[in-house]
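Report on the structure given below.
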Amino acid sequence: IFDNPSLKRLRIGAGTEAVRPGAFNRSALESLEVDEASPFLSSDGVGLYSRDGLELLALAVPRAAYAVAPGCRAIAKKGLSCFAGLGRVELGEGLRTVGDHAFTDTALGELRLPASIEAIGSPLAAGTALVCAGPEATFSIAEGASLELDGAGGLYRRSEEGLRLVRFMDKGARSYAVREGAVAIEPGAFAGFEELEEAWLPEGLREVGAAAFKGCHGLRRIHLPEGLERLGAEALLDTGLESLRLPASLVDMGPRAVVPYGSHHGKVPPSLRAVEVAEGNPRFAMEGSLLLERLGEGALRVLLCTGTEEAVSVPDAVAEVAPYAFNNVTGIRYLRLADGIGRVGPRGLALGALVDCLVVDLGEPVGGHERFELRFPQTDRSAQQMMLALSVPDHVDIGYIVEHYDAAIINGSSFDAVNDGTLGPYDQCRRIVARLEDPVLLTAVNRSLCDRVLQLGLVRMAVEAARHGDHELLGRLMDLGYLNERTMDAVVEAVSALQDAAMTGYLLEAKRRRFGASALDFEL
């Protein structure tokens, strides 16, 4: 109601208890009055306060300048929001906290915080001309505060242990070296700084907080010093890191601490291709292209696959694959897993491309098999089936993997109607016949679909087998009962059109021998 530009005078009665944030953002009021009997609200004719005057709830009457009443200890959320006419801000001694977005999208050109300041929101003044680094800086903190600026965009807090980097504030910076003497980088300190390409962390730094560099897409290099003990959750999530060295002192990494942008979003190949773990690290190690974490009692967790090796064999001791560890990784042609991997995080095994050979070793034999060696067809639909088979279950599930392999060979067409990347009838026939001959883990639905594919495509598949000179495959079709006395004549007729006398003769002899029919064919 207060958005109405015709509303100029407002009187608030004694029963009004609260003011919603932003209620007066578009106010055109010229006067304001609050009933003296109100136990909840008070006013100086311009602003609305709590009854005790400790909190400014809203500036209700637009002004070019406004002095907050003495004794006020807090400005409520959106208390001064959208008042474009306000020309300046002066913050007096005693101010302890400035909240998130306190000055965002204002015309603020200069800001000085008093020495009493203890906490600053993030972002503080997005979309303003405020300069936080260099000789032209227009943001400063009075001397003697527990917070201080380093002149290069770093905001630090002094503590008994040493300096703590609270936040980096220079949005345009491409490189930054954390100050000597810093012992920690607090959570979210660099989050979202997409222009930052390089960060240097000093010796003596012990902790990088949660999400400290999250979303720094441009970050290519970071120096993690010896002495660093902990990387918080998502500390390097969505970064563009190309190489990384983990120091021997690092003993703790939170969930998704090292997940490059491509691994998380799957839109580009993961950038992180070179990972080194310093000798003597008791918790982490590299084995080939795999970054492993020791979990205790001999168990391991795969944290990351760099994708630099064509053949990847996951160690038998691996009990867990972390979220996004293999997500969007390409270039792997051989992958060996074990069904002892009892936990796979979201998209932990969601490879970005088909592997030529997927091997799954079993702890207990299934249908006489101690391992499965699966070669998914080289089609786009098959790539999706492999990705689903490995990434949907929360563990390595051989039944689910085989089921999706069967789906890939049953539906051999491409998603793209003009794409020739389909599974040809000869290869499809060979694969389906092999599954029917050894139907371990073949579901009833897939068994029925295999049967239908062979029945509907028998003549075409038999002709392709003949083109390849594959007598054995034709014999296997007979053994399975698809090429029988009822269907043989159509197959013989189609094969004879190839003018391959040897193959036609083979079929006629098989017809006579298996079904007792005359070997004479007058058309031949």
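How many residues are hydrophobic (A, V, I, L, M, F, W, C), out of contact with any strand residue (DSSP E or B) (no Cβ under 7 Å at 6 or more places or on another chain) and open to solvent by 70 Å² or more (accessible area, probe 1.4 Å) when one looks only at region 25-63? Total meeting the criteria: 2.
Within region 323-341, being open to solvent by 10 Å² or more (accessible area, probe 1.4 Å) and within 25 Å of Leu237 (Cβ to Cβ) holds for Pro323, Tyr324, Asn328, Thr330, Gly331. Residues that are in contact with a Leu (Cβ under 9 Å, 6 or more places away or on another chain), closer than 21 Å to Ala145 by Cα, charged (D, E, K, R) and not in a loop (DSSP other than H, G, I, E, B) within region 160-211 comprise just one, Arg167.
Considering only region 460-474, how many residues are buried (at least 17 other Cβ atoms within 10 Å of the Cβ), assigned to a helix (DSSP H, G or I) and not small (Gly, Ala, Ser)?
5
Among the residues here, Lys8 does not qualify as open to solvent by 60 Å² or more (accessible area, probe 1.4 Å), of a type outside the set (Val, Ile, Thr) and closer than 20 Å to Pro123 by Cα.
Entry remark, region 136-159: residues being in a loop (DSSP other than H, G, I, E, B), closer than 21 Å to Thr104 by Cβ and either touching a Lys or Arg at 6+ places or on another chain (Cβ under 7 Å) or modelled with pLDDT of 95 or more (or both) number 0 in total.
Which of the following residues is at pLDDT below 95 and among the aromatic types (Phe, Trp, Tyr): Phe40, Phe24?
Working: Phe40 fails: at pLDDT below 95.
Phe24 is the lone residue from the list that is at pLDDT below 95 and among the aromatic types (Phe, Trp, Tyr).
Taking region 342-445 and the helices (runs of 4 or more DSSP H) fully enclosed by it, the elements with 1 or more residues that are buried (at least 19 other Cβ atoms within 10 Å of the Cβ) and over 26 Å from the mean Cα position of the chain (by Cα) are at 398-410, 425-437.
Filtering region 230-240 to residues that are over 15 Å from the mean Cα position of the chain (by Cα) and open to solvent by less than 10 Å² (accessible area, probe 1.4 Å) leaves Leu231, Gly232. Here the condition is being in contact with a helix residue (DSSP H, G or I) (Cβ under 7 Å, 6 or more places away or on another chain) and on the phi > 0 side of the Ramachandran plot; of Leu441, Leu449, it holds for Leu441 alone.
Here is a yes/no grid of residues against (1) at pLDDT below 95; (2) open to solvent by less than 40 Å² (accessible area, probe 1.4 Å); (3) not hydroxyl-bearing (Ser, Thr, Tyr):
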{"site": "Asp100", "(1), (2), (3)": "yes, no, yes"}
{"site": "Ser116", "(1), (2), (3)": "yes, yes, no"}
{"site": "Ala133", "(1), (2), (3)": "yes, yes, yes"}
{"site": "Met169", "(1), (2), (3)": "yes, yes, yes"}
{"site": "Val183", "(1), (2), (3)": "no, yes, yes"}
{"site": "Glu194", "(1), (2), (3)": "yes, no, yes"}
{"site": "Glu197", "(1), (2), (3)": "no, no, yes"}
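Every residue, every condition in (1) out of contact with any helix residue (DSSP H, G or I) (no Cβ under 6 Å at 6 or more places or on another chain); (2) of a type in the set (D, E, K, R); (3) within 22 Å of Pro260 (Cβ to Cβ); (4) touching a residue at least 12 places away in the same chain (Cβ under 8 Å), yes or no:
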residue: Gly151; (1), (2), (3), (4): yes, no, no, yes
residue: Ser175; (1), (2), (3), (4): yes, no, yes, yes
residue: Trp200; (1), (2), (3), (4): yes, no, yes, yes
residue: Cys216; (1), (2), (3), (4): yes, no, yes, yes
residue: Glu226; (1), (2), (3), (4): yes, yes, no, yes
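Counting only strands (runs of 3 or more DSSP E) wholly contained in region 244-310, the ones carrying 1 or more residues that are over 19 Å from Pro346 (Cβ atoms) and open to solvent by 50 Å² or more (accessible area, probe 1.4 Å) occupy 274-277, 284-287, 290-296. The condition (being open to solvent by 10 Å² or more (accessible area, probe 1.4 Å) and not charged (D, E, K, R)) is satisfied by just one residue among Gly209, Gly227: Gly227.
The values are calculated or read from the model by the stated rules, or taken from the named source; none is laboratory data. Here the structure is a predicted model, which means the values were calculated and not measured. Positions of Cβ are generated from backbone atoms using ideal geometry, with glycine treated the same way; all protein chains shown enter the neighbour counts. Quick note on the areas: whole protein, heavy atoms, side chains included, nothing else; ligands and nucleic acids left out. Shrake-Rupley method; radii C 1.70, N 1.55, O 1.52, S 1.80 Å.
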